[in-house]
Amino acid sequence: MAEGLGERLAIVLLALPVAVIAFFVLRERDRLALPAPRYTLSAWPLYALGFALLFVNFFVANLLPYRLEALGLSQGQIGGVFFAYLAGIPGSALAGVWVKRLGVVQAFRLAFGVAALGLLVQLPDQPFWILVGFVLMMAGIFTAQAIAGGVSGQGGSGVSGTYVAAFYLGGTVAGLVYPPFIGESALWGQGAALGVSLLAVLLAGRALR
């Protein structure tokens with residue numbers, strides 16, 4: 001759409017379906033009656049997991065277009081790579097099955113292990129392996145998010161709300177820190193993402209039990 005219509009018109013047209021959905025949501029008048037939230041910093045390892053999940057996601061996803069453009073891919077081809085986000089759907093759907101079989105901690109570690117494997121697969125400067133690695137990374141991250149999000153919900157609305165805030169804070173920080181990595185060797189960017197992933201795996205036991 002950006003190649004054929006220009007970036008501005010493409011953004012407008014892509015926003016229209018969201019506007020239609022928003023119209024129906026805003027018509028609803030029902031209100032939810034929730035218990036008083038209980039906030040606690042004792043769940044900080046869980047919040048750190050949420051931070052790490054969106055940080056890794058956005059950090060790699062923000063660097064990816066620059067890397068693919070340098071390899072000669074067009075706007076349309078680069079956009080096609082981001083269909084890898086669809087790989088998160090089966091992972092999210094199967095998260096409960098993995099938790100039932102392995103337990104919440106091991107299921108999370110397995111999911112983030114898949115994401116880390118995806119980061120390693122993306123190291124070669126070859127579009128095919130970057131795509132395969134990005135698909136693996138998305139599948140692992142969305143599965144891990146489904147698991148950690150479920151645990152945060154068990155802590156009540158205060159813990160769950162703080163977890164969501166930490167999750168999006170991770171994405172915000174990723175947007176602030178990725179620019180110096182543009183144009184550098186993929187080893188640096190993937191290494192930084194792997195470091196955050198390792199920290200999340202190490203915190204998983206304390207955060208999810």
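Laid out as a table, the results:
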read-out: Tally, over the range 21-38, of residues that are in a helix (DSSP H, G or I) and in contact with a helix residue (DSSP H, G or I) (Cβ under 6 Å, 6 or more places away or on another chain); value: 0
read-out: Pair list, Cβ under 6 Å, 6 or more apart: the range 192-206 residue open to solvent by 30 Å² or more (accessible area, probe 1.4 Å), other residue in a helix (DSSP H, G or I) and basic (Lys, Arg); value: VAL201/ARG109
read-out: Pairs, first at pLDDT 90 or above in the range 96-111, second exposed (fewer than 14 other Cβ atoms within 10 Å of the Cβ) and charged (D, E, K, R), C-beta under 7 Å, six or more apart; value: VAL105/ARG209
read-out: Identity of the residue in the range 107-132, assigned to a loop (DSSP other than H, G, I, E, B) and under 12 Å from GLN190 (Cβ atoms), that ends up most open to solvent (accessible area, probe 1.4 Å); value: ASP125
read-out: Number of positions in the range 178-198 that are of a type outside the set (Gly, Ala, Ser) and under 16 Å from the mean Cα position of the chain (by Cα); value: 5
read-out: Among the residues listed as PHE83, PHE51, the single one being within 22 Å of GLY175 (Cα to Cα) and touching a helix residue (DSSP H, G or I) at 6+ places or on another chain (Cβ under 7 Å); value: PHE51
read-out: Every pair of residues 6+ apart whose Cβ atoms lie under 7 Å, when the first sits in the range 1-25 and is at pLDDT 90 or above while the second is open to solvent by less than 70 Å² (accessible area, probe 1.4 Å); value: ALA10/ALA2
read-out: Residue in the range 78-87 that is touching a Lys or Arg at 6+ places or on another chain (Cβ under 7 Å) and either at pLDDT 90 or above or open to solvent by less than 60 Å² (accessible area, probe 1.4 Å) (or both) present; value: no
read-out: Flag for ARG8 being in a helix (DSSP H, G or I), surrounded by 12 or more Cβ atoms within 10 Å (Cβ to Cβ) and basic (Lys, Arg); value: no
read-out: Qualifying residues in the range 144-186 (those that are among the hydroxyl-bearing types (Ser, Thr, Tyr) and not in a helix (DSSP H, G or I)) - the one least open to solvent (accessible area, probe 1.4 Å); value: TYR178
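Okay, residues lined up against (1) surrounded by 14 or more Cβ atoms within 10 Å (Cβ to Cβ); (2) among the hydroxyl-bearing types (Ser, Thr, Tyr); (3) over 29 Å from GLN126 (Cα atoms):
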| position | (1), (2), (3) |
| --- | --- |
| ARG38 | no, no, yes |
| LEU63 | yes, no, no |
| ARG67 | yes, no, no |
| SER74 | no, yes, no |
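The values are calculated or read from the model by the stated rules, or taken from the named source; none is laboratory data. All of these numbers come straight from a predicted model, not from anything done at the bench. Neighbour counts run over all protein chains shown; Cβ positions are idealised from the backbone, glycine included. Only protein heavy atoms, including side chains, enter the accessible area calculation; ligands, DNA and RNA are left aside. Shrake-Rupley method; radii C 1.70, N 1.55, O 1.52, S 1.80 Å.
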